[in-house]
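**Student:** Below you'll find the structure I mean.
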Amino acid sequence: MAEKTEIELLITVLVAAEDDRGARAACLELTRSVGGRVVESGDCSDEEPGCWSVTISRGGGTGGSHVAAALARSVRTFMRELAPEHALPRISCAPPTAWTVLEEPGLLDSLVSGGERILVEAWWGGSALTATPAASTSADDPRIPRP
């Protein structure tokens, strides 16, 4: 019997925001709708003023012995859930990851206020990001003060 391995999805949103709280607030509805949690956010203003990245993690299912197929399928399935009315963007795969980038302005506006780009990655066996201690659930809600 083939060994099953967990696949993790990371959804990284580049969003125009004034600060971390604003970036998390812009991504709150997307985080809830995909059933994920914020695992990281960061200021990208060095590259582009007012730009923040917010990374959301959620499970991506399990895969069997065909790693590349399982990773690509996980990204494709997520994109169909996220935007069922839209054509799928190209999915790239180089195990242990597969990814796609969403840059369609009309779709981005409907998903995240101020969203500029969304990177969706599937990681075989988890990612380096979630190997660190998980963020508290209060970190997912920008209305709850963080230490």
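**Student:** Would you check which residues across the range 30-43 are open to solvent by less than 50 Å² (accessible area, probe 1.4 Å) and over 20 Å from Thr100 (Cβ atoms) and list them? First the steps, then the outcome.
**Tutor:** Taking the range 30-43 first, the residues open to solvent by less than 50 Å² (accessible area, probe 1.4 Å) are 30-31, 34, 36, 38-39, 41-42.
Matches in the range 30-43: Val38, Ser41, Gly42.
**Student:** Turning to a different aspect of this structure: From the list Leu119, Leu82, which one is under 16 Å from Gly36 (Cα atoms) and at pLDDT 95 or above?
**Tutor:** On the way: Leu82 fails: at pLDDT 95 or above.
Answer to the selection: Leu119.
**Student:** So, one more: Return the residues of the range 11-29 that are of a type in the set (D, E, K, R), open to solvent by 30 Å² or more (accessible area, probe 1.4 Å) and closer than 22 Å to Val101 by Cβ; say none if nothing qualifies. Break it down into steps so the answer makes sense when it comes.
**Tutor:** Keep residues of the range 11-29 that are of a type in the set (D, E, K, R), which gives 18-21, 24, 29.
After this cut, where a residue has to be open to solvent by 30 Å² or more (accessible area, probe 1.4 Å) as well, the list is 18-19, 21, 29.
Within the range 11-29, just Glu29 meets the criteria.
**Student:** Output the qualifying pairs, or none if there are none: Cβ atoms under 6 angstrom, residues six or more apart or on different chains, first residue in the range 29-47 and part of a loop (DSSP other than H, G, I, E, B), second residue among the basic types (Lys, Arg).
**Tutor:** Gly35/Arg58; Gly36/Arg58
Residue-wise test of (1) open to solvent by less than 60 Å² (accessible area, probe 1.4 Å); (2) over 12 Å from the mean Cα position of the chain (by Cα).
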{"residue": "Glu47", "(1), (2)": "no, yes"}
{"residue": "Ile56", "(1), (2)": "yes, no"}
{"residue": "Thr62", "(1), (2)": "no, yes"}
{"residue": "Ala70", "(1), (2)": "yes, yes"}
{"residue": "Met79", "(1), (2)": "yes, no"}
{"residue": "Ile91", "(1), (2)": "yes, yes"}
{"residue": "Leu107", "(1), (2)": "yes, yes"}
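The values are calculated or read from the model by the stated rules, or taken from the named source; none is laboratory data. Predicted model, so just to flag it, every value in this text is computed and none were measured. Because the Cβ atoms are built from the backbone with ideal geometry, glycine has one as well, and the counts that use them run over all protein chains shown. We work out accessible area using only protein heavy atoms, side chains counted, and drop any ligands, DNA or RNA first. Shrake-Rupley method; radii C 1.70, N 1.55, O 1.52, S 1.80 Å.
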